[in-house]
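Notes follow once the structure below has been shown.
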Amino acid sequence: MTKVSSIPRTSRNSVLDLVEMSLRSVNQLLHDTRDGDFLIRNPRGAHAIVCGLDGNLKVTIEGHVGYYCAGMNKRAHVTVIGNAGTGVAENMMSGIVHVRGDASQSAGATGCGGLLVIDGNASARCGIALRGLDIVVKGSVGHMSAFMAQAGRLVVLGDAGDGLGDSLYEAQLFVRGAVKSLGTDCIEKELRDEHRAALRTLLDAAGVRNIDVAKFRRYGSARKLYHFHVDNAGQY
Amino acid sequence: MNANEPRPMTLPRYSATFDLHTIAEIHRAAATGIYDIRGFGAKRKLPHFDDLLFLGASISRYPLEGYRERCGTDVTLGRRHAKKPITLKIPITIAGMSFGSLSANAKEALGRGAAVAGTTTTTGDGGMTDEERSHSKTLVYQLVPSRYGMDPDQLRKADAIEVVVGQGAKPGGGGMLLGHKISERVAGMRTLPAGIDQRSPCRHPDWTGPDDLEIKIRELREITDWEKPIYVKVGAARPYYDTALAVKSGADVVVLDGMQGGTGATQEVFIEHVGIPTLAAIRPAVQALIELDMHRKVQLIVSGGIRTGADVAKALALGADAVSIGTAALIALGDNDPRYEDEYRKLGTTTGAYDDWHEGRDPAGITTQDPELTKRLDPILGGRRLANYLAVLTLEAQTIARACGKSHVHNLEPEDLVALTVEAAAMARVPLAGTSWIPG
């Protein structure tokens with residue numbers, strides 16, 4: 001497991017302690033706020049923490065979080081110094097969500113925009129039904145990741161499990177390690193210069209340095225299933 | 001027998017098992033290798049509200065004056081948890097139907113008609129259009145498995161949220177929108193390439209099972225600051241357990257859609273062979289609510305084959321708080337209108353049987369994205385027709401309720417009903433007419 005470190009305190013941090021405050025009051029305060037830095041202590045695996053944010057907020061959560069942390073995030077920069085449960089940053093629209101530990105299933109599910117960075121591993125269905133979000137996973141991802149992914153990018157520095165990119169639409173997948181198997185209609189594609197350049201930019205944004213982008217392999221849709229045809233029925 | 005007399009002939013005899021429709025389908029399947037896809041709901045004969053009758057008042061029951069005494073029709077949804085429950089003037093809502101499946105004009109017409117009638121419309125796969133939001137006074141926003149178009153700003157603009165687990169036409173199936181209807185605008189809203197066949201997932205991407213659903217609902221409440229009523233919609237399959245689990249998951253409202261409920265596009269075999277009739281679903285759902293002490297606290301909306309005020313009244317008498325209409329609303333807008341008979345013929349069908357809503361060639365301009373066809377539906381006129389139809393449904397339900405001595409349609413009860421068939425008696429749990437026998 002990725003080592004969880006503490007963060008530096010500054011006088012600009014507003015501390016919200018979930019021992020002293022309810023989840024509802026913390027979320028409401030953040031919904032009513034358009035900017036500022038916040039440190040959330042003692043999340044203790046709470047579900048739906050800092051979901052629905054919409055503002056130039058910088059929120060750091062010191063500890064592990066439950067389901068749907070930073071769900072539907074807009075503009076905010078959320079850092080989780082710990083592990084995240086199912087559906088972290090689900091349907092996020094913009095901003096940055098950074099999980100310093102591991103993420104459970106469906107990380108970044110249906111995400112539409114912004115950047116999700118996972119320092120550790122992500123479990124099954126990472127980036128499922130992706131719709132424009134960029135996800136960078138520094139470890140590995142589980143099975144059926146990027147299932148039906150429509151747009152956006154999933155970058156995996158480690159390995160990918162079974163069924164990567166099953167029923168893929170127009171999302172782009174980049175994996176540096178091994179892919180256990182590709183899903184239906186997902187194929188390897190040539191990694192050209194423009195892809196390497198875009199990958200370099202994305203990795204820089206995710207804080208990943210000293211990585212040879214040429215070692216990634218690119219995967220995308222074969223587009224054979226875009227129109228239903230009986231001859232393809234056996235592919236499922 | 002005189003040799004010159006005509007010999008008696010055996011009349012051609014059709015098989016009840018291999019009827020003409022079945023034979024035609026076998027021929028079609030053999031020629032194409034693909035199953036039939038269509039819109040509409042189940043077309044087979046099913047036990048339905050037609051198999052129930054109201055008893056009306058008698059010596060032991062006192063009726064209300066039809067034109068002089070008030071019979072309330074309002075219903076409030078979402079009192080369990082929502083800070084802002086919604087109150088409807090009539091207990092009839094418009095079911096979820098997507099922009100994509102329907103034209104923008106059709107969505108606008110639904111919004112206009114519902115707003116006049118004092119009820120809600122509901123989005124569908126693909127999110128919320130500006131036309132729909134601006135013309136629907138009260139709008140329910142669906143969270144569907146595909147999440148096409150899901151946007152937190154739209155979520156916050158909605159008046160209620162409906163988590164769609166399934167629908168009556170296809171419990172266990174996902175949405176389907178074929179390429180003819182994926183226009184640039186529809187594709188853009190769904191982040192899909194234009195013109196592809198879109199087959200939506202049948203499962204939500206980030207939760208499985210009732211424990212997860214409970215957390216998902218909590219997230220939706222947190223995102224919207226606990227303001228909005230949250231519905232859970234299920235296709236009628238295991239209504240007792242699904243209702244109990246929806247309540248356990250924190251739903252404010254349970255929407256129960258029977259197999260007669262319509263769809264924009266689904267396999268015929270799915271529509272006709274999966275799920276249970278609306279009539280069979282209501283009482284088990286109400287039983288679950290009563291056992292949990294949640295009847296009338298968590299509201300039950302029933303849909304699937306509601307056509308008349310009698311259907312509305314019967315659903316309410318069996319314990320529903322409201323009903324929802326989809327197919328009937330489209331018919332009110334002009335679907336299957338005889339004035340398009342020539343065009344239905346060209347499409348290989350006829351008025352009353354047109355169900356190829358998935359092909360995008362609807363002569364009435366409702367289930368299409370074709371720019372020329374969509375012009376045929378005037379959204380203002382369509383809205384007026386829908387408002388008229390909703391008014392008739394409401395008046396009819398009130399007429400029956402008054403005859404049963406009820407000052408509010410919610411006061412109708414199973415005791416007001418009898419069944420015409422043993423099957424309906426067993427499903428609706430009311431006596432067979434003229435007896436005190438409730439089978440089962």
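The values are calculated or read from the model by the stated rules, or taken from the named source; none is laboratory data. Just so you know, these numbers come straight off a predicted model, no measurement behind them. Don't worry about glycine lacking a Cβ; one is built from the backbone with ideal geometry, like all the others, and counts go over all protein chains shown.
Below is a table of values for the structure above.
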item: Filter result for the condition that a residue is in a loop (DSSP other than H, G, I, E, B) and either touching a residue at least 12 places away in the same chain (Cβ under 8 Å) or out of contact with any strand residue (DSSP E or B) (no Cβ under 7 Å at 6 or more places or on another chain) (or both), over B:Arg13, B:Arg28; result: B:Arg13
item: Condition met for B:Ala364 (modelled with pLDDT of 95 or more, small (Gly, Ala, Ser), assigned to a loop (DSSP other than H, G, I, E, B) and closer than 28 Å to B:Arg112 by Cβ); result: yes
item: Scope segment A:112-141; condition within 14 Å of chain B (Cβ to nearest Cβ) and part of a loop (DSSP other than H, G, I, E, B); matching residues; result: A:Cys112, A:Gly113, A:Gly114, A:Ser123, A:Ala124, A:Arg125, A:Cys126, A:Gly127, A:Ile128, A:Ala129, A:Leu130
item: Restricting segment B:173-206 to residues that are more than 9 Å from every other protein chain (Cβ to nearest Cβ) and of a type in the set (Val, Ile, Thr), the residue that is farthest from B:Ser98 (Cα to Cα); result: B:Ile182
item: Any hit, segment A:210-219, residues being under 25 Å from A:Gly85 (Cα atoms), in a strand (DSSP E or B) and of a type in the set (D, E, K, R); result: no
item: Residue tally, condition in contact with a helix residue (DSSP H, G or I) (Cβ under 8 Å, 6 or more places away or on another chain) and away from chain A (no Cβ under 14 Å), over segment B:26-44; result: 7
item: Every residue from segment B:207-218 that is of a type in the set (Val, Ile, Thr) and facing another protein chain (nearest Cβ under 7 Å); result: B:Ile215
item: Residues of segment A:91-104 satisfying the condition of being within 14 Å of chain B (Cβ to nearest Cβ) and part of a loop (DSSP other than H, G, I, E, B); result: A:Asn91, A:Met92, A:Met93, A:Ser94, A:Gly95, A:Ser104
item: Meets criteria (without any contact (Cβ under 8 Å) to a residue 24 or more places away in the chain, among the aliphatic types (A, V, I, L, M), facing chain B (nearest Cβ under 10 Å) and in a loop (DSSP other than H, G, I, E, B)) for A:Ala107; result: no
item: Residue within segment B:227-244 that is in a helix (DSSP H, G or I), aliphatic (A, V, I, L, M), more than 9 Å from every other protein chain (Cβ to nearest Cβ) and farther than 28 Å from B:Leu177 by Cβ present; result: yes
item: Residue within segment B:266-283 that is in a strand (DSSP E or B), at pLDDT 95 or above and under 26 Å from B:Arg80 (Cβ atoms) present; result: no
item: Contacts under 9 angstrom Cβ, first residue in segment A:60-87 being among the acidic types (Asp, Glu), partner assigned to a loop (DSSP other than H, G, I, E, B) and surrounded by 22 or more Cβ atoms within 10 Å (Cβ to Cβ), 6 or more apart; result: A:Glu62/A:Pro43
item: Selection count, segment B:334-359, where residues are in a helix (DSSP H, G or I) and either among the small types (Gly, Ala, Ser) or more than 29 Å from B:Ala280 (Cβ to Cβ) (or both); result: 10
item: Some residue of segment B:325-341 being within 15 Å of the chain's Cα centre (by Cα), closer than 20 Å to B:Tyr240 by Cα and among the small types (Gly, Ala, Ser); result: no
item: Evaluation of B:Arg147 against (1) more than 20 Å from the chain's Cα centre (by Cα); (2) modelled with pLDDT of 95 or more; (3) at the interface with chain A (Cβ under 10 Å from one of its Cβ atoms) (one fails), failing number; result: (2)
item: Filter result (surrounded by fewer than 22 Cβ atoms within 10 Å (Cβ to Cβ) and in contact with a strand residue (DSSP E or B) (Cβ under 7 Å, 6 or more places away or on another chain)) within segment B:132-142; result: B:Arg133, B:Thr138
item: Qualifying positions in segment B:190-218 - closer than 16 Å to A:Ala124 by Cα and buried (at least 23 other Cβ atoms within 10 Å of the Cβ); result: B:His204, B:Pro205, B:Asp206, B:Trp207
item: Search result, residues across segment B:387-429 that are in contact with a Gly (Cβ under 8 Å, 6 or more places away or on another chain), closer than 20 Å to B:Leu46 by Cβ and part of a strand (DSSP E or B); result: B:Val418
item: Extreme residue, surrounded by the fewest Cβ atoms within 10 Å (Cβ to Cβ), among residues of segment B:85-102 that are among the polar types (S, T, N, Q) and either out of contact with any Ser or Thr (no Cβ under 9 Å at 6 or more places or on another chain) or at pLDDT below 95 (or both); result: B:Ser98
item: Test: residue in segment A:159-168 that is touching a Leu at 6+ places or on another chain (Cβ under 7 Å), crowded, with 19+ Cβ neighbours inside 10 Å and part of a loop (DSSP other than H, G, I, E, B); result: yes
item: Subset tally (residues that are outside any helix (DSSP H, G or I) and closer than 19 Å to B:Gln142 by Cβ) for segment B:98-121; result: 9
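Conditions tested, residue by residue: (1) over 8 Å from the mean Cα position of the chain (by Cα); (2) more than 15 Å from A:Leu173 (Cα to Cα).
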residue	(1), (2)
A:Arg100	yes, yes
A:Ala103	yes, yes
A:Gly114	yes, yes
A:Ile118	no, yes
A:Val136	no, no
